[in-house]
1. How large is the dipole of segment A:166-315 about the Cα centre if only Lys and Arg carry +1 and Asp and Glu carry -1, each at its Cβ, rounded to the nearest 20 debye?
2. So which residue, out of A:186, A:86, A:45, gets the largest mean-square fluctuation from a GNM of chain A using Cα contacts under 10 Å as springs?
3. Sort segment B:91-198 into rounded, prolate or oblate with this rule: let a ≥ b ≥ c be the square roots of the eigenvalues of the Cα gyration tensor; rounded if a/c is under 1.5, and if a/c is not under 1.5, prolate when a/b is larger than b/c, oblate otherwise.
4. Give me the summed buried accessible area for the A-B pair, 1.4 Å probe, to the nearest 100 Å².
5. Report the accessible area of residue A:41, computed with a 1.4 Å probe over the heavy atoms of all protein chains in place, in Å² rounded to the nearest 10.
6. Taking beta carbons within 10 Å but only from partner chains, what does the mean come to for residues A:265-276?
7. For helix A:268-277, what angle does its Cα long axis make with the longest principal axis of chain A, in degrees from 0 to 90 and rounded to 10?
8. Classify segment A:2-73 as rounded, prolate or oblate, taking a ≥ b ≥ c as the square roots of the eigenvalues of its Cα gyration tensor: rounded when a/c is under 1.5, otherwise prolate if a/b is larger than b/c and oblate if not.
Amino acid sequence: MGAYILKRLISAVPVVLGITVIVFVIMSLIPGDPATAILGSYATPENVAKLNRDLGLDRSLPEQYFIWIGNMATGEFGRSYSLNRPVLDEVMERFGATLILAGTALVLCSVLGIVAGVISAARQYGLADKAITFAVLIGISIPSFFLGMMMILLFAVDLRWFPVSGMYLPYGGGDLQDLLWHLAMPAAALAVVATGVVARLSRSAMLEVLRLDFIRTARAKGVGERRVIWGHALRAAMVSIIPVIGVQAGFVLSGAVYIEIVFQWHGIGEMLVNAILKRDILLVQGGVVVVATCYVLFNLVVDVCQSLLDPRVKA
Amino acid sequence: MSAAAAPSSAGSRGPVGAFLRLFARNRLAAFGGIVLGLVLLLVLLAPVLPLADPYAQDKPNKFLLPFSAGHLLGTDHLGRDILSRLVWGTQTSLAVGVAAALISATIGSAIGIVAGFYGGRTDNLMMRAIDMLMAFPYILLALAIVAALGPGLVNALIAVAVVNIPFFARNIRGVTVGLAHREFVDAARLAGQSNLRIILTEILPNVLPVIVIAMSTTIGWMILETAGLSFLGLGAQPPAPDLGGMLGQGRNALITDPHAAAIPGLMIFIIVMSVNLIGDGVRDALDPRLRAGALMRPMARTQIDRRGEAPPAPAEPALLDLQELRTEFRLGARVLKALSGVTLSVKPGECLGIVGESGSGKSVAALSVMGLVASPPGVITGGAVRYEGEDLLGAPYERLRGLRGNRVAYIFQDPLATLHPLHRVGDQIVEAIRVHRRVPEAEARARALELLRAVRIPNAERRMGDYPHQLSGGMRQRVGIAMALVNDPDLIIADEPTTALDVTVQAQILALLADLRRERGVAILFITHDFGVVGQFCDRIAVMYAGRIVEEGPTAEVLGAPAHPYTRRLIACVPELGAGRRELAAIPGLPPAVDDLPDGCAFAPRCARATPECRRGEIALAPVTATRRLRCLHPEVELTREEQR
């Protein structure tokens, strides 16, 4: 197992390097002169030339790239001009908030999605199946940002169960209970679409498995139906459900951008959107590289889980 | 493949049942189509509809509620007419979403086709690049692109299109790889056609349906994505009307004037849902696997729909009695009668062999005993299954479950498919014990180990921790046998237990079963198509044809003097070692389709001895001697009670 993990870690290196190349290439497509953009009304020719020199923008593109990743490798992501603080500090702080939100949503969507999918498959064409299928259809069609807004209207404004926005109360608070109270609505809104997708795929994965011979064997042994479904069938179906959850992590992370805006959750999505609107390139670059790298590592973890789950896939 | 599965898989292709299921799904797709059609109509008619100017501001009348005079859906924060902006905004959102889908489908498919067609280094290089793009959570890539190009509707469109390219490239590459080495492509190559021409005339038409499916399932997503970017303020820029933008602006006054946000949000929802419904319909219609309705899960117990009363229990119940058992497969309007009245009995400690061709119903009979026929589509429609006289068809599920694997155990054909691939074999045996007996784990393990030794598995302790794929075919079947024996059952139903094994292993397994039977005195119902196996193993045999028993009797008598023409022909099919150059006689014709059984004897159309009487009325399975029963008017040998004396 250790060797397998090491092999996967090594294979992730070129992917992460590829990510930095893509980000760098996209960013170098920016028309006009970044220095001019940064300096705004202070963009006198002398200032622009000086800033270009300071930022290393007077060098060739490959040179710039290697300087950039060299700096990142030593933890030097540069300084955000719009926030006037180190990019890495800002990214880490924001990413932490996003992980709380997206992680909760991912757990929610996995658990609810699998449970819904399994029930749906076990009661195929029954009332529960129809109800779940209908709910899933609504869930995967509703824009999460719209759903979030409607939830605010209902649960925060009308019923006053949850706060409208934010991560903690502005004064006091800051404890876990406060965090969970603020987290409930955005995490739920974020989880809805992914839950629908996971439920759909779990249902069809279960239907595939339930037809197989070893399920008949389990029944022939006298294993009870609950155990046949949740033990035997789900265990086998997980092999095809786990990769789906890995893919959903990317969608949840993406959906978090909208949810952060709607609920004013100060995560990395909100940071990126603001950075783009203010053309704070270093902040965008840093944020994208950090998040994408974490996503690659997460998928690596999913692969390892997969190999633990399926003894037939040997490292 | 067992006979039980054969009719179900053949039957699920039945056109009517499949059509009905398709129809049920397509009603939703049609609903989606109508809704989307109405939206499209509204959008296309926008220029001629009497709509207000979507840009005309009227600040004193801002945030008018829906149904206000002159503003059917009210006004927004600048007093602009929401209805008008909604219609024009829908037009923008639809156009951008469709354009993004077309662009990414075109580019992605082109990449996929080229990579899949040329293969080798081209493929490797292109797919590595695609993998890199897929390593991003998609919105990061979209945000980076918008960051580079600047906010705006066209740039948002480009971002969404680029982000979805990998999806198309991967799917289409997969299909193209499968096509690139097919005969018709090779033929075109040999004919000297250029690669470009082969791609356009041979490959493209074949991948087009896949492209259509991929597009129909992602287009709703892309509409949502472009709306999302506009919502973030990175897509359409004000004052242009756009659904996402309207929602974003409406958010600022969400709490005081929710309608300005709710209306465009609902519109996005309606569009995306109708597109998703259509997409599901397209996929279902084009995906042959779904169309076959193959995704039906069998229930815990075969459905029972017994017409009339159960037959009265026999005066002297055996261990197992099947009485006039009828099982059918209902596939829409088609009904396959797998069993049309099977009567047999197994005494304690006895071994009864059921022999017949595939499709004769022997496996269905075996599975019907414990309600294990896949249902749907299987239904037991009549007769009785009696275990020590107790009618199991009328028994509650929990009673049946208590017998399964405990008093009546199964050994199935293919041990690789019938053992759980992800559970250790030891655990699977332990489970068989513990579902019936509350014994400590350690005790159950000891018992499992004992059984693994009894079925002569070497290194049994170590094998306990193995997964089925780590064992050989013969070892797996030994595990299956150990699992069946673990609760000391009274009856083992062995459904072609040696068919999937090679010949030497077959002989070992049969010898093992014979020994175990002698030692433990367990009764066996042995299903096979192989007379050779029956001869050395069974006390009595029953020959099945088209869902009925046609002849039954002690093994030696039936093999020595087969009375039914079918039995005789079937025995003649078996090659005999050392029997010299005997002619192997295949039986002319095919078994009848069980949804269209002829009157009278089902074998008559293939029988040389058939007369017109054979094709009329019901021919009974009548006792001809004290030990033999026969369903034939013109037996091969005259068997009378007198002869037995």
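1. Numbers: 13 positive and 10 negative charges, 188 e Å.
Dipole magnitude for segment A:166-315 comes out near 900 debye.
2. So, out of A:186, A:86, A:45, the one fluctuating most is A:45.
3. Numbers: a/c = 3.28, a/b = 2.04, b/c = 1.60.
Here segment B:91-198 falls in the prolate category.
4. Values: alone 17460 and 30660 Å², together 41370 Å².
Looking at A and B, the buried total is near 6800 Å².
5. My reading of the accessible area for residue A:41 is about 110 Å².
6. Values: counts 0, 0, 0, 1, 4, 1, 0, 7, 8, 1, 2, 10.
Mean shielding by partner chains, rounded to a whole number: 3.
7. 40
8. On the way: a/c = 3.83, a/b = 3.08, b/c = 1.24.
It comes out prolate by the Cα gyration axes.
The values are calculated or read from the model by the stated rules, or taken from the named source; none is laboratory data. Quick caveat: nothing in here was measured; it's all calculated off a predicted structure. Don't worry about glycine lacking a Cβ; one is built from the backbone with ideal geometry, like all the others, and counts go over all protein chains shown. Please note that ligands, DNA and RNA were not included when accessible areas were found on the heavy atoms of the full protein model with its side chains. Shrake-Rupley method; radii C 1.70, N 1.55, O 1.52, S 1.80 Å.
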